[in-house]
Amino acid sequence: MAAAGLKQMARERTVKVGHFIVEFVTPGIGYLLKNAGCDFVLFDTEHSGFHNETIKQALRYFEAASVPAIVRVPSKEYHHIARALDMGAEGIMIPMVNNAAEARAVLDCMKYTPEGKRGVALGVAHDHYTGGAVLEKLAAANARSTFFAQIETAAGVENAEAIAAIDGVDCLWVGHFDLSSSLGIPGEFSHPKFKDAIRRTYAACRKHNKAYGRLVPDVASGVDIFGQGFDFICYSGDVWTFQAALAAGVSGIRKGCTGKAGRAAASAQAKPAKKRAKPR
């Protein structure tokens, strides 16, 4: 699936499973994700603190392993969006898209003429430093760039259908914590208001045949939301996966060793004391 590219993935309603990177950028990260079976990676620059040189390096690691990368940029500003694309991002995720006008403004930053107003830079990272006919390259870049609009405000839910209706918006992605906070119910994902927001956003995706995505903390949640219509499912993140696996190993060893030491001590106490030989 990873070789298909994000644009093609967004056109299909089959499940796509990826992973969230917010902390670890090593030369092997792309191959670790690939060999774990990931279809895509969501690379965060909103909350991670990653800056341009790190982003550019990470995109080469993902590219080498053929793992399509969605870069979540920190804002709707042109320099964040266009620069991530110039560095080679295939997908762009925009936080807190509230209405259709904001989505159209993002597309202006993402797309080259005649579809948008992105400044032209060719023969750089995004087109593998190659030459070629200008109009063909502009069209290819426009066809490749994939827009993931985050619905994480009450306004975004209200305008979800208008956002999904825009040609060039490929996926609506629920930011569940921010959305619950905007609805006045932070962290209450079983609340009727949150569930209604999910249903309304999915209805917008279904009506306009757009992909639907979300981050999940565990396997059960991922399977559950697929039943709710989500097809881009991002399984946990590097920090939490590493921490959970490490904690399980450390606590397991500690528990096993403590138990073994306790059993050894109990066994020693249970043994009768050896009789001392009588002096002759």
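Values quoted throughout were computed directly from the atomic coordinates according to the rules given, and no laboratory measurement underlies them. This one's a predicted model, so the numbers in the text were calculated from it and none came from an experiment. Using ideal geometry, Cβ is built from the backbone for each residue, glycine included, and neighbour counts are taken over all protein chains shown.
On the beta carbon distance between TYR129 and GLN269, with R0 = 51 Å, the FRET formula returns roughly 0.10. Any idea what angle helix 134-144 forms with the longest principal axis of the chain, computed on alpha-carbon atoms, 0 to 90 degrees, nearest 10? Approximately 40 degrees, to the nearest ten. Residues of region 27-45 falling in the label zone of GLN57, defined by backbone nitrogen less than 11 Å from a point 7 Å along Cα to beta-carbon, are 27-28. Between the residues TYR235, ALA140, ALA211, the greatest Cα displacement towards the positive end of the dipole of the chain, with unit charges on the Cβ of Lys, Arg, Asp and Glu, is found for TYR235. Under a model in which nothing but the beta-carbon of Lys, Arg (+1) and Asp, Glu (-1) is charged, the chain shows a dipole of about 2520 debye around its Cα centre. If the limit is 24 Å between Cα atoms, which of LYS56/LYS210; LYS56/LYS76; LYS16/LYS76; LYS16/LYS195 go over it? Beyond 24 Å: LYS56/LYS210; LYS16/LYS76.
In this label model, ALA261 and SER75 are separated by 5.4 nm, measuring between points 7 Å along each Cα→Cβ vector.
Counting every C-alpha pair in the chain, the share spaced more than 26 angstrom apart comes to 48%.
Would you compute, from DSSP H runs of 4+ residues alone, the mean residue ellipticity of the chain at 222 nm, taking -39500 (n - 2.57) per run and dividing by the full residue count, rounded to the nearest 500?
Values: 12 runs with 131 residues, N = 280.
Dividing the helical sum by the residues of the chain leaves -14000 deg cm²/dmol.
The relative contact order of the chain comes to 18 percent, based on Cα pairs under 8 Å that sit 6 or more residues apart. In a reduced charge model with +1 at each Lys and Arg Cβ and -1 at each Asp and Glu Cβ, region 26-80 shows a dipole moment near 80 debye about its Cα centre.
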